[in-house]
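Take a look at the structure set out below.
The values are calculated or read from the model by the stated rules, or taken from the named source; none is laboratory data. Since the model is a prediction, treat every value here as computed from it, not as a measurement. Note: ideal-geometry Cβ built from the backbone for every residue, glycine included; neighbour counts use all protein chains shown.
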Amino acid sequence: MPAPAPSTAPPSGESFDHELRAAVSAGDFELHYQPKVRCPDGGFAGFEALVRWRHPTRGLVPPGQFIPRLGELGLAPLLGRWVMTEACRQIAAWEAAGLGAVSVSVNLSPGQLRDPALPERLRQLLRDHGLGPGRLELEVTEAMLMDAPDEAIARLRALRDAGARLSIDDFGTGWSSMAHFRHLPVHQLKLDRVFVQHVDRDRRDASLCAGVIALAHRLGFGVVAEGVENEAQAKRLAGFDCDLFQGFLYSRPLSEERAGDYLRGARITPRTPSPSA
């Protein structure tokens, strides 16, 4: 029997919360992996793991249709724990298959970041799967740092010391204080797609992207541009010395099987323009 088609309509109905609770309990989710590539050579630089709900009738439900409700139900930390565990399992499986020392990034929920047990849980996960520091990357949104920035910075330091690589997701959308920004114990920033989508044709967005990239580099951070969908965007960002690209120009999120094929080289080499192109 063919698999159900991916869902396009938001889930609704009185049974939705019950289904979602049952799915979290049963682990009815799967991870898809979107590649990140280096600028300007287009070489593979890691995956971002993106969660999907494998619903028995709706097919693959994208995260925007259930993650907000998970947070309201207090279930986001439980799913987040599963995502971290599954990502570590997959990294170890790819390495055991001879596909290299792949790194994978996952998104943390606010509840996970506040969990004092998370650093030790991370250490144990890395030990259990034989993974060294930096193989699992944790992404937190800029907004998660704003309510209590000093506490958030301390939590990030603990996670870094436990072996995580750290990224600030959706950077540029939360109006971070520069006083706190310079103290962030992170490795890279992810430039939000809201700026990337018009970087090739909006002078102000281009200036913002160029300024963020230059500032990040001066502070020792790498920069990932999210949502790169066309050659013109990539060319402009390459001219600003952006470090990594992620977006549909290079690949949509891939199933576990297709991500393995990608690592084996069964992919079209992305055409990343050089700054002088």
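For the reader, a short list of remarks on this structure follows.
- Subset of region 46-79 that is modelled with pLDDT of 95 or more and small (Gly, Ala, Ser) - its residue that is nearest to the chain's Cα centre (by Cα): 49
- For region 38-63, residues that are aliphatic (A, V, I, L, M) and surrounded by fewer than 20 Cβ atoms within 10 Å (Cβ to Cβ) total 3.
- Looking across region 189-220 at every residue that is crowded, with 18+ Cβ neighbours inside 10 Å and part of a loop (DSSP other than H, G, I, E, B), the one that is nearest to the chain's Cα centre (by Cα) is identified as 192.
- Checking 223, 186 one by one, the residue that is of a type in the set (Val, Ile, Thr), within 21 Å of residue 139 (Cβ to Cβ), touching a Ser or Thr at 6+ places or on another chain (Cβ under 8 Å) and surrounded by 14 or more Cβ atoms within 10 Å (Cβ to Cβ) is 186 and no other.
- Filter result for residue 170 (touching a Ser or Thr at 6+ places or on another chain (Cβ under 6 Å) and under 30 Å from residue 195 (Cα atoms)): yes
- For residue 102: the one exception among (1) touching a residue at least 60 places away in the same chain (Cβ under 8 Å); (2) more than 16 Å from residue 31 (Cβ to Cβ): (2)
- Top-ranked residue of region 134-162 - restricted to ones that are part of a loop (DSSP other than H, G, I, E, B) and over 17 Å from the mean Cα position of the chain (by Cα), ranked as modelled with the highest pLDDT: 162
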